[in-house]
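What follows is one structure encoded as structure tokens, with my remarks underneath.
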Amino acid sequence: MHQFCVKKVFCVKIVKIVDLDVWYMSHAIRLAQKSFALGEVPVGAIAVDEDGTIIARGYNQVEVKKSQLVHAEMQVLKKVIAKKNKWRLSKITVYVTLQPCMMCLGALILSRVDKIVYGAHSPLFGVALDKVEWFGIYKDSLPEVQFLEDIRSAKLLKNFFAQKRRMKDGNTDSFREN
């Protein structure tokens, strides 16, 4: 925040207006970079409460922990549930750098989060709500899902898989961002 004054009589505070969704996604991208450094598919996620406070963070650790249950979104859900001491997570928004897979989307829906914002499409594993037929109580309580295209998310994923292919071809350089 900057301050602009005219003869110290009239002062105006200048505030930079930031799109909050972009700001929150930046936090998720920083977490994705942690998983990238571990040689994991670079996915990061955060949960934000109704006051705009980041209440949980997670990043992909499937290979490190040898479990499918440690996707970024699943870690975030586990932390929010522990913090709130309840499993119904209304008024929570989850920001994730990659479109959620079936497991993560299902867990987010069952947890009753209000909104999911993702930064890059996942053509192989991502699930779109409009592509699945929902029955019973869930069809009336589906979260808002928003695609917020973030070039940083896509670039991180592209670099990860390019390096993975190079390593498969015999180049043993460690993972690094380009």
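Structure above, values below:
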{"quantity": "Pair list, Cβ < 6 Å and 6+ apart or interchain, from region 96-108 residues that are over 14 Å from Gln68 (Cα atoms) and free of Cβ contacts under 8 Å to residues at least 40 places away in the same chain to residues that are assigned to a helix (DSSP H, G or I) and open to solvent by 10 Å² or more (accessible area, probe 1.4 Å)", "calculated": "none"}
{"quantity": "Residue tally, condition part of a loop (DSSP other than H, G, I, E, B) and within 16 Å of Ala28 (Cβ to Cβ), over region 76-100", "calculated": "5"}
{"quantity": "Residues (crowded, with 17+ Cβ neighbours inside 10 Å, without any contact (Cβ under 8 Å) to a residue 40 or more places away in the chain and touching a Ser or Thr at 6+ places or on another chain (Cβ under 9 Å)) located in region 114-127", "calculated": "Ile116, Tyr118, Ala120"}
{"quantity": "Given (1) over 19 Å from Met103 (Cα atoms); (2) assigned to a helix (DSSP H, G or I); (3) at pLDDT 95 or above, number of the condition Glu73 does not satisfy", "calculated": "(1)"}
{"quantity": "Filter result (surrounded by fewer than 24 Cβ atoms within 10 Å (Cβ to Cβ) and either acidic (Asp, Glu) or in contact with a helix residue (DSSP H, G or I) (Cβ under 9 Å, 6 or more places away or on another chain) (or both)) within region 90-104", "calculated": "Thr93, Gln99, Cys101, Met103"}
{"quantity": "Which numbered condition Leu124 misses (of (1) modelled with pLDDT of 80 or more; (2) more than 17 Å from the chain's Cα centre (by Cα); (3) under 15 Å from Val41 (Cα atoms))", "calculated": "(1)"}
{"quantity": "Of residues in region 4-39 being of a type in the set (D, E, K, R) and modelled with pLDDT under 95, the one nearest to Leu108 (Cα to Cα)", "calculated": "Asp21"}
{"quantity": "Failed criterion for Glu73 (all others in (1) open to solvent by less than 20 Å² (accessible area, probe 1.4 Å); (2) over 18 Å from Arg152 (Cα atoms); (3) over 10 Å from the mean Cα position of the chain (by Cα); (4) not hydrophobic (A, V, I, L, M, F, W, C) hold)", "calculated": "(3)"}
{"quantity": "Matching residues, region 28-65, being under 16 Å from Cys101 (Cβ atoms), open to solvent by 10 Å² or more (accessible area, probe 1.4 Å) and assigned to a strand (DSSP E or B)", "calculated": "Tyr59"}
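The values are calculated or read from the model by the stated rules, or taken from the named source; none is laboratory data. All figures in this text were calculated on a predicted structure; none of them were measured in a lab. Glycine gets a Cβ as well: all are built from the backbone with ideal geometry, and neighbour counts include every protein chain shown. What goes into the accessible areas is simple: the full protein's heavy atoms, side chains included, and nothing from ligands, DNA or RNA. Shrake-Rupley method; radii C 1.70, N 1.55, O 1.52, S 1.80 Å.
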